[in-house]
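Remarks on the structure that follows.
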Amino acid sequence: MPEKIVMEKLIITAAICGAEVTKEQNPAVPYTVEEIVREAKSAVDAGAAIVHLHVREDDGTPTQSKARFKECMDAIYKVCPDVIIIPSTGGAVGMSAEERLQPTELMPEMATLDCGTCNFGDDVFENTMPMMRAFGKRMMENNIKPEYECFEMGHLDTVLNMARKGQVPGAPMQFNFVLGVPGCTPATVQNLAWLVNAIPAGSTWTATGIGRNAFTLAAAAIVMGGNVRVGFEDNLNLERGVLAKSNGELVAKVVRIAKELGRPVATSAEAREILSLKK
């Protein structure tokens, strides 16, 4: 009999609001602190171990304000005390590095680190080498584990070189492969496998499929032994033509797919162990 492959439990991340999507696209997109807490709780209750967090002003304007992040994170922890919150240092297109780094001053256990410049539809998402070195330095100084956001193979190659030079935190590394952004790598299983096959042994990884690719890529990641990110930042629909009523609905769909495929879902405590975090 062939040896059975044993996978870690599935870590589900909910990207609850992002910086670009609006209530005009889906009325459930959260802007206010209360709405952000509502969406975080819906996702955690459905099975998410991690909340990937952008924050907004009450009118929906994206912000990287340290005070706004603190207000939202504190409010989420009141109702979801064990959840892992990964604040975004990506912010929104056009923000400076100094603006984007503000949430790292709150000493979160993890934060995102974007690994290269790329086209974002009609915009350019700038992440120069000096910016990435500054982000890496800050995360090493503040003992923050990065989630390395890779939109292209070149991004992965760049951050692996930086880790070898000690410019960003090294092993064990956590990668998030974001596929399907217009202007970046298409969301195909072949492209996901290409990226996963290039990461160092002992790394962990998550797949994020944008738009209609969300659940196709989720299913692939589940059977490949990776983890999954879903949420309004990446996809507003539960299925074609049907808006999701909450982030919790999107997470619940991933939980159902995982159950059908025989992959148990990790709690936040189990996710911390898998990701080598200390609360």
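What follows draws every value from the coordinates through simple rules; no lab data is involved. No experiment lies behind these values; they were computed from the predicted model shown. Quick reminder, even Gly has a Cβ in these numbers, built from the backbone with ideal geometry, and neighbours come from all protein chains shown.
For K9, the aspartates and glutamates whose Cα falls under 19 Å of its own Cα, not counting residues fewer than eight places away in the same chain, are D45, D82, E147, E260, E270, E273.
Across the stretch 211-268, Cα-Cα distances exceeding 19 Å account for 23% of all pairs. Mean projection of the Cα convex hull over all viewing directions, computed for the chain: 13.8 nm².
The Kirkwood radius of the stretch 130-279, taken over pairs of alpha-carbon atoms, gives through the Stokes-Einstein law at 10 °C and 1.306 mPa s a diffusion coefficient of 98 µm² s⁻¹. Packing, as the average of other Cβ atoms within 10 Å across residues, places the peptides 225-237, 127-139 in the order 225-237, 127-139, highest first. Scaling the Cα radius of gyration of the stretch 33-118 by the globular reference 2.2 N^0.38 Å produces a ratio of 1.06. Within the chain, no whole DSSP H helix has Cα atoms reaching 24 Å or more along its own axis together with a mean Kyte-Doolittle score of at least 1.6. Counted residue by residue at 0.36 nm each, then reduced by the alpha carbon distance between them, the extension gain from N142 to K66 reaches 25.9 nm. Taking every DSSP beta bridge that has both ends in the chain, the antiparallel portion is near 20%.
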